[in-house]
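The values are calculated or read from the model by the stated rules, or taken from the named source; none is laboratory data. In this text the structure is predicted, and so the values were computed from the model without any measurement. Cβ placement follows ideal geometry from the backbone for every residue including glycine, while neighbour counts extend to all protein chains displayed.
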Amino acid sequence: MATEASKTNALRSPEFFETYLSGRVIDIGAGDDLVVPHAEIFDQHQGDANHILDYREPVQYDAVHSSHCLEHMNNPQQALKDWWQLVKPGGYMITVVPHEDLYEQFNWPSIFNGDHKATFRMGTDDSWSPVSIDIVAATQALPKAKIIAKRLYDENYDYNLLFPRGQTPKNHRTFLNRQISSIARRLKNRDYRTKILKFQLARGYPIDQTAKSDALAQIEIVAQKRK
């Protein structure tokens, strides 16, 4: 999701950047979509984020940011712990991950991204997913962590296009369905686009609303490391 950070940034306030993304910042898994211009990029060319402490020293950053990267880690909970070690006392970690219901839509393995290793829920006990992680609890369990903010980003997400739980999805990557999706995403008229997407859904094809659109389906956790 190469543009998810930009889509999220458009909804963040100036105070968010001033408070949580000042000083020395590392953006893990940023690709070409840095959260702030002064952030240090850490992506595949810089090393393996599964083992970030092999490449970066602990307690060096005022802020650690990652957007749609944690779900690609082989051991997401261990990766989160390692990333947390990079944060200075008093600093922040901002973690953005897909919401398992809105993005994975009750199906595992992931329909839309075969590289996903885990799904994420937001402070709930139950999950349909066999690999679900409560990102709130996982963050709260980090040493000296204080959760400052937690937010569900579902802006422009149409819940009427959510794939029905318990229904077996058809392969949405068939040539014809991909062509229909491509046409729908190019339509500027949202009503026409929605009609086409509902047609696909009725035929049993799941819809990734976040692909090449302004819809979001994610969780954001901001944690501070107490001094």
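What's the total number of residues in the range 1-22 that are hydrophobic (A, V, I, L, M, F, W, C), touching a residue at least 24 places away in the same chain (Cβ under 8 Å) and over 17 Å from Val97 (Cβ atoms)?
Step one: list which residues in the range 1-22 are hydrophobic (A, V, I, L, M, F, W, C), which gives 1-2, 5, 10-11, 16-17, 21.
In the following step, the residues that additionally are touching a residue at least 24 places away in the same chain (Cβ under 8 Å) were identified as 1-2, 5, 11, 21.
Next cut, over 17 Å from Val97 (Cβ atoms) only: 21.
Residues in the range 1-22 being hydrophobic (A, V, I, L, M, F, W, C), touching a residue at least 24 places away in the same chain (Cβ under 8 Å) and over 17 Å from Val97 (Cβ atoms): 1 in total.
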Right, Glu100: out of contact with any Pro (no Cβ under 6 Å at 6 or more places or on another chain) and without any contact (Cβ under 8 Å) to a residue 60 or more places away in the chain or not? yes
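So, in the range 190-217, of the ones that are among the aromatic types (Phe, Trp, Tyr) and not in a loop (DSSP other than H, G, I, E, B), which residue ends up nearest to Tyr159 (Cα to Cα)?
If we take residues in the range 190-217 being among the aromatic types (Phe, Trp, Tyr) and not in a loop (DSSP other than H, G, I, E, B), then Phe199 is nearest to Tyr159 (Cα to Cα).
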Give the residues of the range 1-32 that are in a loop (DSSP other than H, G, I, E, B) and at pLDDT 95 or above, sorted by residue number. Ala10, Leu11, Arg12, Ser13, Leu21, Ser22, Gly23, Arg24, Gly29, Ala30
Report every pair of residues separated by at least 6 positions or lying on different chains whose Cβ atoms are under 8 Å apart, first residue within the range 23-47 and surrounded by fewer than 19 Cβ atoms within 10 Å (Cβ to Cβ), second of a type in the set (Ser, Thr, Tyr) and part of a loop (DSSP other than H, G, I, E, B). Gln46/Tyr55; Gly47/Tyr55
